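See below for the structure under consideration.
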2 protein chains.
Amino acid sequence: MNHRSTHGSLLIVGGTEKNAENADILGRFIELAGGAEAPIAVITAASNIADQVWGHYEQAFRALGARRCVPVHVLARADASLPAVLEAVAGAAGIFIAGGDQKRLLARIGGTPLHDALHAAVQRGACLAGTSAGASALGVHMVTHGQPDFNPAVGAAGMGAGLGFVPHCIIDQHFSQRHRINRLLSLVARNPQLSGIGIDEDTALVVGPGARFAVIGAGAVTIVDASELQSDIVDTAPGTIPLLLGVRLHVIPAGTSFSSAPDAARPVPAPLRTLFQHLLDTDRP
Amino acid sequence: MNHRSTHGSLLIVGGTEKNAENADILGRFIELAGGAEAPIAVITAASNIADQVWGHYEQAFRALGARRCVPVHVLARADASLPAVLEAVAGAAGIFIAGGDQKRLLARIGGTPLHDALHAAVQRGACLAGTSAGASALGVHMVTHGQPDFNPAVGAAGMGAGLGFVPHCIIDQHFSQRHRINRLLSLVARNPQLSGIGIDEDTALVVGPGARFAVIGAGAVTIVDASELQSDIVDTAPGTIPLLLGVRLHVIPAGTSFSSAPDAARPVPAPLRTLFQHLLDTDRP
């Protein structure tokens with residue numbers, strides 16, 4: 001297994017992270033990137049208001065002491081091959097993918113040289129962060145849209161191809177604030193091989209460095225595990241509620257961390273071992 | 001085990017049930033009570049607008065063909081001992097507890113002769129229905145209040161003593177429409193011996209007659225099973241999010257029914273066996 005312990009860390013943020021006081025998440029990002037002198041690249045490609053997004057993060061990172069931040073604007077797919085864009089990512093110790101629309105992000109950078117450069121950066125040890133749309137995009141599989149009304153429903157949420165940094169998961173964001181548990185249930189019910197990860201606003205799942213993960217920020221990360229699911233969903237009509245039996249649900253509040261290192265203070269509890277393998281295994285898409 | 005197969009049926013309704021077209025739930029209630037000629041008593045004690053509540057159900061039941069409906073108004077605790085009140089319940093084949101506030105309902109009738117009369121009615125085979133507050137009140141244990149913001153939280157929901165018809169469960173209503181999963185998670189996390197039952201609006205869980213249960217109406221019933229929970233909740237400060245690992249979640253859409261009879265077409269699936277025992281066992285409070 002090609003283990004993430006040989007790679008950089010991922011910071012998967014549920015959106016709306018604080019940017020001034022109590023900016024735990026952005027502060028941790030700078031720390032994981034290597035501190036105030038670390039070169040940071042902010043990718044605005046998910047947004048149609050790239051200048052505003054960059055202005056927001058330029059100010060936020062400066063307020064936290066980071067001095068070497070540059071924007072990576074990709075307004076069209078061709079921009080994702082520009083030497084200046086690739087150099088910014090190649091030189092970065094921290095890369096931050098800002099929010100917007102994950103479909104726009106993938107349409108602009110999926111399969112481009114910039115996409116390859118992001119993988120190369122993580123492989124050489126950079127910290128890659130994504131917030132909101134940028135968080136969902138980190139999976140191999142990505143939620144694209146959908147809001148079931150009140151219950152899980154067949155066909156109520158859509159999926160697409162993501163950037164491929166988290167192989168066996170599907171990541172949703174603004175999770176509790178937008179009541180997205182039914183959207184995530186709808187997706188994992190159809191895809192029980194994937195761990196569903198719901199990240200609250202101002203909350204992040206930190207994967208690595210090494211064989212550990214942590215939840216930081218203000219809320220919680222909710223895990224939906226359908227690996228033992230019994231369901232009639234494949235025979236259920238679109239728009240109707242499927243029978244779902246045996247979903248496993250875990251709520252991990254901020255302040256929690258686990259490690260699979262032999263001497264870990266908090267070893268990974270049995271119910272989270274599948275998730276842990278899914279997060280750390282980089283081999284099987 | 002004193003099994004519910006020797007008792008009448010329970011109809012546990014999530015509130016806001018339709019009362020004219022597609023009145024599946026009220027129609028099923030009349031059917032379980034014995035049809036158009038069955039004597040029906042409507043208990044309005046949960047409400048402070050008892051006349052309006054009675055007017056609503058009088059019209060609804062009449063529209064569905066029921067011809068022998070009477071109100072049971074209990075405006076003060078002393079009313080729950082009145083001969084006319086006890087006679088109405090003693091003579092009823094169907095008893096419908098309308099909504100309002102479950103704390104008011106219990107304050108007015110808990111431990112009174114009317115409370116005893118309700119148990120006697122179910123023991124002789126009557127159908128007992130409760131909607132909204134009347135549904136929550138059917139448990140031995142009852143949710144009284146509480147609305148966690150976005151996550152399960154320590155101390156975010158309160159409990160009290162209910163009417164005692166469903167022993168090992170805690171029943172919540174308006175479940176999906178009011179996003180109450182976190183309230184129910186907060187309660188079962190502290191009380192893992194109880195099955196959490198969340199019933200959507202215009203949806204009902206029908207228990208009995210005999211060893212079977214069904215979900216009817218428009219939505220679903222969500223079961224939260226914390227029997228294998230790993231949590232730090234007893235050591236977590238009030239208002240904060242506890243670590244919850246290994247909650248089991250089941251979604252049962254309307255149209256589903258199960259039976260534990262030896263010749264059942266749909267036997268109870270393994271993940272629901274604990275719930276089934278909890279619903280049918282009337283011995284252990």
Of all DSSP beta bridges with both partners in the protein assembly as shown, the antiparallel percent, nearest 5, is 60 percent
antiparallel share of DSSP beta bridges within chain B, to nearest 5, in %, is 55 percent
For peptide B:144-150, the mean count of other chain Cβ atoms within 10 Å per residue Cβ is 2
Sorted shortest first, the nm distances from the B:PRO238 label point (7 Å along Cα→Cβ) to its counterparts in the other copies are 5.0
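Ignoring everything except DSSP H segments at least 4 long, calculate the 222 nm mean residue ellipticity for the protein assembly as shown; use -39,500 (n - 2.57) per segment, divide by total residues, nearest 500. Numbers along the way, then the final one.
On the way: 16 runs with 146 residues, N = 570.
The per-residue figure over the protein assembly as shown is -7500 deg cm²/dmol.
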Counting only residues 5 or more apart in sequence or on a different chain, those whose built amide H sits under 5 Å from that of A:CYS169 are A:VAL140, A:HIS141, A:SER195
With x for Gly and Pro, the residue-by-residue ³J(HN,Hα) of the stretch B:268-280, computed from phi through the Karplus equation 6.51 cos²θ - 1.76 cosθ + 1.60 at θ = phi - 60° and given in whole Hz, is 5, x, 3, x, 9, 5, 5, 4, 4, 4, 4, 6, 9
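Counting only DSSP beta bridges with both residues in the stretch B:111-208, tell me the antiparallel percent, nearest 5.
45 percent
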Partner lysines whose C-alpha sits under 30 Å from that of A:LYS103, ignoring same-chain residues fewer than 8 away, are A:LYS18
Once phi for every residue in the stretch B:245-256 is put through the Karplus expression 6.51 cos²θ - 1.76 cosθ + 1.60 (θ = phi - 60°), the whole-Hz ³J(HN,Hα) values, with Gly and Pro written as x, are 10, x, 5, 9, 10, 10, 10, 10, x, 4, x, 9
Copies of B:ALA270 compared via label points 7 Å along Cα→Cβ give distances in nm, shortest first, of 1.5
Expressed as a whole number, the average count of other chain Cβ atoms within 10 Å around the Cβ atoms of A:234-245 is 4
Counting other chain Cβ atoms within 10 Å of each Cβ in B:249-257 and taking the mean gives 6
Karplus-derived 3J(HN,Hα) from phi for the stretch B:24-37 (6.51 cos²θ - 1.76 cosθ + 1.60, θ = phi - 60°), whole Hz, x at Gly and Pro, runs 4, 6, 5, x, 5, 4, 4, 4, 5, 6, x, x, 4, 8
B:ILE49 neighbourhood, Cβ < 15 Å, K/R = +1, D/E = -1, net charge -1
The long-range amide H neighbours of A:GLN177, using H built 1.01 Å from N in the peptide plane and a cut-off of under 5 Å, are A:GLU201
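All of the numbers you see were taken from the coordinates with simple rules; none came from a lab. Not measured: the values here are computed from a predicted model. FYI the Cβ positions are ideal-geometry reconstructions off the backbone, even for glycines, and counts take in every protein chain you see.
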